[in-house]
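**Student:** Let me begin by handing over the structure; questions about it come next.
The values are calculated or read from the model by the stated rules, or taken from the named source; none is laboratory data. Given the structure is predicted, the values throughout are model-derived calculations rather than measurements. Cβ atoms come from the backbone with ideal geometry, glycine included; neighbour counts cover every protein chain shown. These area figures cover heavy atoms from the full protein model, side chains too; ligands, DNA and RNA do not enter into them. Shrake-Rupley method; radii C 1.70, N 1.55, O 1.52, S 1.80 Å.
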Amino acid sequence: HADLAMYQAKSRGRNNFQFFDATMDLRAARRLSLESSLRAALEREELQLYYQPKLDLISHRVVGFEALIRWHSHEHGAVPPDRFIPIAEETGLIMPIGEWVIDETCRQIAQWRAEGYDDMPVAINISLIQLTRTDLENTLVGHLHKHGIPSRLIELEFTESVLLQDFETAMDALQSLRRLGFTLTIDDFGVGYSSLNYLNRFPINVLKIDRSFVTSACEDQDAAIIVQAVVNLSHDLKLSVIAEGCETVEQLDYLKRIACDQVQGYLISRPMPAADVRQFLDSDYLYQ
Ligand code: C2E
Ligand code: MG
Ligand code: MG
Ligand code: MG
């Protein structure tokens, strides 16, 4: 009996190990395959920017957009940014991809200006590596010049973790970006490393309240209190405040009532390709 039990344990162990191993292999293989497709994505022009509007809650006008990257891979179909941006960050591919986002955003802003949409700032999401390991200031300024647009039309969104990972480097970079006239936003505010201590030290302009608080604000009293507190705090610190992920009229009414400055979310519009933006802007009286 003892031998039999030992044999069973061993073979179970081995099988478990093989099963585990096979799953790991599959995951690693999938990732490798995504990674090699991503390497080719830029040349193959599989990347695209979508634009999601920001609605001002006082003027009821669209006051800008956020550029959100989309990857339509020949091999993998549509791959969401939450899936491939981390791979791009780990492999360094975020450097060429991030620069492409900057170039494409500037090109698009220049085109909208040429078409008469003059004051339409666009926010770009910036990764940690772009902030700390590339010359973000020079890259941005180079592309502004190339396309002939002023820095006030570019906003930069950083998550808290990006800023707190390497405080000194982030501080230096933010200060020179601010001096250059870019608008600086803390994205996904309230999740992650929230530290109230850095708020008045970083030279930022805008806090963007994370979607998770906005989603629960109308059902959960605690979330509502947090959203209200962030709005008040922002105003006390002379920052403007935007809420992301607004999907319902109730949420919009609540945000308006507590004097949140701007809002973004599916209720106003999903992110859309540049081709749809003009029509969207021409019909923004819908939100009056
Ligand atoms: P994020 O910057 O916080 O962007 C907001 C995300 O929420 C976007 O997802 C947007 O499509 C989604 N969203 C907007 N409104 C709503 C809503 O009402 N409901 C729900 N459920 N979702 C909403 P997306 O486009 O999949 O991007 C995910 C994340 O990927 C972004 O989060 C950002 O961190 C990153 N990302 C996107 N584009 C870029 C880029 O060009 N560069 C870098 N470094 N990161 C990017
Ligand atoms: Mg963002
Ligand atoms: Mg966000
Ligand atoms: Mg987010």
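**Student:** For segment 173-226, what does the accessible surface come to per residue with a 1.4 Å probe? Please give it in Å².
**Tutor:** 48 Å²
**Student:** Also: How large is the Kirkwood hydrodynamic radius of segment 170-288, in angstrom, based on all distinct alpha carbon pairs?
**Tutor:** It works out to 15.5 Å.
**Student:** With θ taken as phi - 60° and the coefficients 6.51, -1.76 and 1.60, list the Karplus ³J(HN,Hα) couplings across segment 169-182 in order, rounded to whole Hz; mark glycine and proline as x.
**Tutor:** 4, 4, 4, 4, 5, 4, 4, 6, 5, 5, 4, 6, x, 7
**Student:** For a bin width of 10 Å, list the pair-distance distribution of segment 129-182 built from all Cα-Cα distances, rounded to whole %.
**Tutor:** Reading the bins upward from 0: 23, 56, 20, 2.
**Student:** Averaged across orientations, what area in nm² does the convex hull of the alpha carbons in the chain project?
**Tutor:** 20.1 nm²
**Student:** Rg and Dmax of segment 90-203 over Cα atoms: what are they, in angstrom?
**Tutor:** 14.3, 43
**Student:** Residue 250 to residue 221: extension gain in nm, 0.36 nm per residue of separation minus the Cα-Cα distance?
**Tutor:** 9.0 nm
**Student:** To the nearest Å, what is the center-to-center distance of segment 22-49 and segment 161-218, using C-alpha atoms only?
**Tutor:** Centre-to-centre (Cα) distance: 30 Å.
**Student:** Relative to the first principal axis of the alpha-carbon coordinates of the chain, what is the inclination of helix 2-41, with its axis defined by its Cα atoms, in degrees from 0 to 90 and to the nearest 10?
**Tutor:** 30 degrees
**Student:** Next question. Based on the Cβ-Cβ distance from residue 44 to residue 118, what FRET efficiency comes out when R0 is 30 Å, to the nearest 0.05?
**Tutor:** 0.35
**Student:** Right, here's the next one. Return the distance in nm (one decimal) between the two label points of a simple spin-label model at residue 175 and residue 275, each offset 7 Å from Cα along Cα→Cβ.
**Tutor:** In this crude spin-label approximation the distance works out to 4.7 nm.
**Student:** Which value results for Rg/Rh of segment 29-146 when Rg is the Cα radius of gyration and Rh the Kirkwood radius based on the inverse mean 1/r?
**Tutor:** Expressed as Rg/Rh, it is 1.01.
**Student:** Here's something else I'd like to know. Roughly how many percent of the accessible protein surface of the chain is carbon and sulfur, given a 1.4 Å probe and a whole-percent answer?
**Tutor:** On the chain, the fraction of accessible area on carbon and sulfur atoms equals 51 percent.
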